[in-house]
1. If you plug each phi of the range 161-171 into the Karplus form 6.51 cos²θ - 1.76 cosθ + 1.60 with θ = phi - 60°, what whole-Hz ³J(HN,Hα) values come out, in order, with x for Gly and Pro?
2. Which chymotrypsin sites (Phe, Trp or Tyr not before Pro) does the range 102-152 hold that lie in a coil by DSSP with at most 15 other beta carbons within 10 Å?
3. Give the residue list of GluC sites (Glu not before Pro) in the range 45-100 that are DSSP loop and have at most 16 other beta-carbon atoms within 10 angstrom.
4. Per the Debye formula with a single identical scatterer at each Cα and no solvent contribution, what log10 I(q)/I(0) holds for the range 63-187 at q = 0.09, 0.17, 0.18 Å⁻¹?
5. Counting other C-beta atoms within 10 Å, and keeping those with at most 14, which DSSP coil trypsin sites (Lys or Arg not before Pro) do you find in the range 61-159?
6. Does the range 88-145 come out rounded, prolate or oblate by the C-alpha gyration tensor, with a ≥ b ≥ c the root eigenvalues, rounded set by a/c under 1.5 and, if not, prolate when a/b is larger than b/c and oblate if not?
7. Carbon and sulfur: what percent of the range 13-107's accessible surface (1.4 Å probe)?
Amino acid sequence: MSPKTSKGTGNISDSPYLFRDISESYLKAYDIIWAAELEMPGSLGQNTGLALRPMCQLLGQALELSMKGLRACRGIEIPHIHNLDRLFAELDDPEMMQGLQHGFSGLDVPSDLQTHNPDLTMAEIEQHFSSPSMHISMLNSLYDRPFATRFPVRGVADIPHLPHLRWIAGFLLLELNTRMLSWRTEP
């Protein structure tokens, strides 16, 4: 039996197993770079700025593939896009979103955000920062056009908070693993 493919996308498989495996690989690569740049004794912390865009790219790939894998589990056509905002909005799973928001709300807000945003109260910062879609949108502004995570792009870009994005990517990968338990291929 040949793998099912999305209409108009050539040989892209709709198997959530492939989306999961590749997403997991991108997360592992991110974790290796994170540890090497930020956690290991003697790490090259001064080069962290150089590592941020590749780390954003890896997280973007992991998120994109997990979200497409979740679509595949539901039998929904896989769009040939890289827009993380659109993929996230189209997940359309209130129970999963509630679990994501519940877990996400327990994460710490970096204390330096108050310094960088003096016009906002800490309550406003916490409300804004506790939205998973805000973090995905920040990443999407680098990941989808103009592809600033992959190519040199003029101008300054806000770098999203990587630990929170890593948490979102891990959550979606876990959801994908759970959904795959009941996924069946078409006969």
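The values are calculated or read from the model by the stated rules, or taken from the named source; none is laboratory data. None of the values given here were measured: they were computed from a predicted structure. Cβ: placed from backbone, ideal geometry, glycine included. Neighbour counts: every protein chain shown. Calculation scope for accessible area: heavy atoms of the full protein, side chains included, ligands and nucleic acids excluded. Shrake-Rupley method; radii C 1.70, N 1.55, O 1.52, S 1.80 Å.
1. Each residue's phi maps through the Karplus curve to give 6, 4, x, 6, 5, 4, 5, 4, 4, x, 4 Hz.
2. Values: sites: 104, 129, 143, 147; in loops: 147.
Hits after loop and neighbour filter: 147.
3. On the way: sites: 64, 77, 90, 95; in loops: 77, 90.
In loop regions of the range 45-100 (DSSP not H, G, I, E or B), the sparsely surrounded GluC sites (Glu not before Pro) are 77, 90.
4. -0.30, -0.95, -1.04
5. Details: sites: 68, 71, 74, 86, 150, 154; in loops: 74, 150, 154.
Listed in order of number, the matching sites are 74, 150, 154.
6. Numbers: a/c = 2.77, a/b = 1.41, b/c = 1.96.
Here the range 88-145 falls in the oblate category.
7. Details: 2700 of 4700 Å².
In the range 13-107, the share of accessible area belonging to carbon and sulfur is 57 percent.
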